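The values are calculated or read from the model by the stated rules, or taken from the named source; none is laboratory data. What you are looking at is a predicted structure, and each value in this text was computed from that prediction instead of being measured. With ideal geometry, Cβ positions are generated from the backbone for all residues, glycine too; neighbour counts draw on all protein chains shown.
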Amino acid sequence: MTERRTLILTGASRGIGHATVKRFGEAGWRVITCSREDVPAECLRDPAWSHHIVADLGDAASLQHFLEAARAALGDGPGGGKLDALVNNAGVSPKTSFKERLGCLNGDLAAWRDVFELNFFAPLMLARGLAAPLAKAKGAIVNVTSIAGHAVHPFAGSAYSTSKAALSALTREMAVEFADIGVRVNAIAPGEIETAMLSPETEVLIPRIPLHRLGQPEDVASAIFYLCSPEAAYVTGTELFVTGGQHLY
């Protein structure tokens, strides 16, 4: 009998996170999730959902609580204590109430630190804290970056964009170091995906997307699933663009 694989996914309550839960659940994976609030009722009714931990990963104490709860959920018995995949999907992109882009001159510095705590430091701390169970499973890490980390974006703010660029660089560094313990590390860089984070004005960008449509959360979830699967066993240190070709311009 094939042993059931386990995924830990952050930022799971909506959008890309919810679609990722469904994709892995349909493949028979056990899914441990995390978000700042309880899972919405419609998600709890989804049979793919198995275990949820409430935590604010931008807060050091809450992140530590999540790590302890996640390691406990993995168990220590026969076949336990193993983690096949960690997907760092939680992120924040501050917006103004008057549709002005938050740049380097008008963005609050405290908000910049908050963005980096969640978008950059949380993936690093989770990868370090879960390195042992990942190594035990010869597992995979996928960091969710962004097209905004590679070029100035008309809607995404500077703090968000630079945090995602830093996460791209961190993915390269982690790929080399984690290879020594048998763990692969890759990244997914979504483009304009129809989620709650998307700005209403984003549709004006469709002419610059070669596939002429916005992406769906399922498009990203499928790419994440591939990078966590045995089919990607020789893939590490890669950032996969899920943009409909938008990154080519």
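Of note:
- Checking each residue in the stretch 200-236 for being more than 17 Å from S146 (Cα to Cα) and of a type in the set (S, T, N, Q) picks out S229, T236.
- Condition check for T238 on (1) β-branched (V, I, T); (2) under 20 Å from G139 (Cβ atoms); (3) over 19 Å from the mean Cα position of the chain (by Cα): one failure, at (3).
- For first residues located in the stretch 111-125 and farther than 14 Å from K164 by Cβ and surrounded by 19 or more Cβ atoms within 10 Å (Cβ to Cβ), partners that are at pLDDT 95 or above and of a type in the set (D, E, K, R) and lie 6+ apart or on another chain with Cβ distances below 6 Å do not occur.
- Within the stretch 83-110, the set of residues being surrounded by 14 or more Cβ atoms within 10 Å (Cβ to Cβ) and either farther than 21 Å from I8 by Cα or of a type in the set (G, A, S) (or both) comprises A85, A90, G91, S93, P94, K95, R101, L102, G107.
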